[in-house]
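Working notes, structure below.
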Amino acid sequence: MFTAQNLISVCITSILTAGLYAIMSYGLAVIYGVMKVVNLSNAGFLMLGAFMTMVYAQTLHLDPIAGAFLNIPLFFAAGWLVYVALVRRVRQALPIASLLMLFGLWLVLQNLALVVWGSEDQSIITRYTYKALPFFDYRVALTRLIVFSVALAVMAVLHVLLNHTYIGKALRATVQDPEAALLAGIDTERISSFAFGLGTAFAGFAGGLMTLLFSFTPDFGGPFQLKSFTIIVLGGLENLAGVTVGATILAFAESFSVLFMRASLQNVVAYALLVVALIVMPGGVASLFGRRT
Amino acid sequence: MISSASSSSPGGEDLRPGGGEEDHRPGASAAADGGRAAVRVRAAALLAPALGAALACVPVLAPRNITLLNLGFFTFLYVAQGLAWNILGGFAGYVSFGYAAFFGLGAYTTALLWLSGWTPVLTFPLSGLLAAVFSLVVGVPTLRLVGPYFSIATIGVGEAMRILMLNLDRITGGASGLNLPTVVPSKAWFYTAALVMAAIAYATATWIRGSRFGLGLAALRMDLEAAETLGVRTALFKNVAHMISAFLVGVCGGLFATYFQYLHPDTVFSFTESISLVLIALIGGLGTIWGPILGAAVFYAVQDYLQTSYPTLHLLAYGILLIVILLFEPRGLAGLAARIWDRLRPGAAPARSP
């Protein structure tokens with residue numbers, strides 16, 4: 001079981017999965033970071049992103065990768081709208097109010113999708129779906145490689161956006177200290193709507209990419225949503241760079257768990273990790289190291 | 001102290017601090033409000049036994065009306081669970097998305113003991129007890145989390161339980177489910193049993209709300225640290241509230257298993273089961289007594305009506321309703337009913353304008 005061959009192939013899978021996990025969790029982290037709102041509707045937008053990509057493929061014969069990119073502006077607008085119409089109105093209330101509001105939105109999205117597309121499994125098959133590339137002695141599914149590289153590229157663009165543009169710097173300032181940002185003349189209200197749009201755009205984009213790897217139903221988002229929570233908690237909630245760390249930890253933990261237990265229990269690893277991380281290290285993995293030094 | 005408690009009690013929890021009418025009112029009108037509220041409470045206290053007695057007559061008058069008895073059974077089961085959920089979620093303000101775990105554990109306890117020869121009714125206390133013990137195991141670590149973090153942790157716990165149960169196929173029957181004996185009591189018996197459960201949950205919730213324990217829960221909901229400073233043993237209170245509500249939901253699970261004669265981890269441990277309780281309490285009115293009752297009645301009626309054409313369309317309707325309620329009437333249907341009640345009483349209108 002523990003041959004070097006096995007370990008290396010599990011590592012390759014983990015790294016590829018980590019890319020996907022990072023891109024799907026980034027939106028959640030941005031929204032939480034800027035406004036401390038737990039976006040339960042992320043699952044709904046992830047699912048909607050997958051279905052929209054399917055719609056483009058069916059009507060416009062658009063490739064899923066192009067579809068995922070097309071989702072970005074559309075979902076940005078949708079997220080902006082959700083913030084202005086719903087979230088802004090309950091932000092002054094207890095934190096649980098916005099969580100419940102977005103939970104309601106998730107229910108609406110999920111069940112609307114059920115009415116429109118039914119509950120059957122959907123999938124998009126492209127010319128390259130079943131292709132694999134040789135990688136030294138191993139074979140790597142082409143779709144996984146594509147998802148990983150596209151996710152990495154988009155995160156690189158985001159990095160540039162956050163570090164070198166005004167709105168990106170303003171966003172990071174708001175994450176660090178909303179009041180100080182306000183005092184420095186940053187329109188935090190506008191940053192919030194921008195962040196919600198950006199977060200939702202990420203969900204739509206990730207959902208689009210995921211059609212390359214998974215089949216999907218209107219219930220599609222739920223398990224990924226919980227994994228995203230695990231990732232941002234592991235990464236240290238307010239730390240955007242932590243998302244990559246959290247995604248890597250979760251991907252490795254899941255892949256290696258398969259060596260020890262039934263594959264059907266894989267999700268339990270993520271959920272257990274979520275509860276443990278919330279209780280033991282609310283500041284993320286980084287806080288464990290911080291305490292020691 | 002007592003008068004301020006009674007004036008805030010019928011209002012329930014308000015999610016918008018600025019919108020809490022009872023909290024931010026000048027003294028004089030608050031007293032007037034309290035007086036009206038007291039009338040409302042007295043009327044409600046009389047209404048409940050009367051309603052219960054009237055509903056108890058149904059199986060005697062129409063013992064063969066299966067549709068009506070089934071409607072009653074499911075509605076009362078939801079009423080009992082909504083009231084139970086509300087003890088932690090509403091009174092203490094800890095919104096849990098994981099109650100399916102208690103429901104499922106209760107259902108499987110009854111099922112397994114029944115299969116080994118017990119009479120189902122005798123297993124109900126054990127079902128409740130097991131759910132309560134599990135709630136303690138989960139609650140001790142997770143109830144240390146506040147607000148949204150607790151909610152997220154409970155989603156994780158609930159889903160983890162569902163998957164674990166699906167994989168414990170030796171015990172739960174796994175994905176193929178568990179068939180139970182087919183010799184069961186009449187529908188009228190189930191109707192009455194569920195009504196009794198709802199009455200027990202109502203009595204428990206009403207008693208807690210008026211007790212020192214209930215005041216402690218309200219205090220820790222409003223300000224955890226302040227409550228602790230005043231000597232409320234918050235950790236103990238939260239866990240006891242969690243256990244009481246888990247016990248009630250566990251017994252409901254047992255009753256459900258007896259009725260259905262077939263169990264599957266995906267039905268009794270489902271996320272839908274968990275969110276049904278959240279929706280019932282929220283839409284009815286978080287932290288009120290009548291909220292979950294109204295919420296459950298509407299919830300099951302809508303679900304039953306839409307079930308045949310779209311099995312989950314009621315969740316769409318409830319999602320929209322949830323958003324609307326959070327935007328316009330955070331006190332839910334109970335708050336709406338209280339508003340209408342006040343509007344109908346003469347002399348109430350002037351005090352309403354702030």
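Only the coordinates and a few stated rules stand behind these numbers; no lab work does. Since the structure is predicted, the reported quantities are computational estimates derived from the model, not experimental observations. Neighbour counts run over all protein chains shown; Cβ positions are idealised from the backbone, glycine included.
Over segment B:232-304, the hull volume per residue, using the convex hull of the C-alpha atoms, is 111 Å³. Convex hull of alpha carbon positions in segment B:50-271: directionally averaged projected area 12.4 nm². Sorting A:264, B:116, B:135 by the number of Cβ atoms found within 10 Å of their own Cβ, with the fewest placed first, yields B:116, A:264, B:135.
With all distinct Cα pairs included, what does the Kirkwood hydrodynamic radius of chain A come out to in Å, to one decimal, could you say?
The answer is 19.6 Å.
Averaged over the residues of peptide A:255-268, the number of Cβ atoms from other protein chains lying within 10 Å of each residue's Cβ is 2.
Based on DSSP H runs of at least 4 residues, each adding -39500 (n - 2.57), what is the mean residue ellipticity at 222 nm of chain A after dividing by all its residues, to the nearest 500 deg cm²/dmol? After summing the helix terms and dividing by residue count, I get -24500 deg cm²/dmol. Residue order for B:191, B:149, fewest other beta carbons within 10 angstrom first, comes to B:149, B:191.
In what order do B:318, B:78, B:202 fall by count of nearby beta-carbon atoms within 10 Å, going from fewest to most?
Listing B:318, B:78, B:202 from fewest to most nearby Cβ atoms yields B:202, B:78, B:318.
The chymotrypsin sites (Phe, Trp or Tyr not before Pro) of segment A:1-32 that DSSP puts in a loop, and whose beta carbon has at most 12 other beta carbons within 10 Å, are A:2. A straight Cα-to-Cα reach below 22 Å connects residue A:227 with the lysines A:36, residues fewer than 8 places away in its own chain not being considered.
Specify which residue in the list B:246, B:154, B:71 is farthest towards the positive end of the charge dipole of segment B:50-271, using unit charges on the beta carbon of Lys, Arg (+1) and Asp, Glu (-1), about the Cα centre. Of the listed residues, the answer is B:71.
Measuring spread by the Cα atoms of segment B:62-122 yields a radius of gyration and Dmax of 15.2, 42 Å. For segment B:214-248, trypsin sites (Lys or Arg not before Pro) meeting the loop criterion (DSSP other than H, G, I, E, B) and having at most 16 other Cβ atoms within 10 Å: B:233. Would you give the gap between the C-alpha center of segment B:185-247 and the C-alpha center of segment A:104-153, rounded to a whole Å? So the separation of the two Cα centres works out to 45 Å. Counting, for every residue in A:269-280, the Cβ atoms of other protein chains within 10 Å of its Cβ and taking the mean gives 5. Taking the centroid of alpha carbons for each part, segment B:53-97 and segment B:142-172 are 25 Å apart. Between segment A:1-42 and segment B:254-298, the alpha-carbon centres lie 33 Å apart.
From the Kirkwood radius over Cα pairs of segment A:1-156, Stokes-Einstein at 25 °C and 0.890 mPa s returns a whole-number translational diffusion coefficient of 137 µm²/s.
Gaussian network model of chain A, Cα springs within a sub-10 Å range: biggest mean-square fluctuation belongs to which of A:256, A:45, A:75? Of A:256, A:45, A:75, the Gaussian network model singles out A:256 as fluctuating most. Equivalent-ellipsoid semi-axes (√(5λ), Cα gyration tensor) for the protein assembly as shown, whole Å, largest first? So the equivalent ellipsoid measures 42, 31, 23 Å along its semi-axes.
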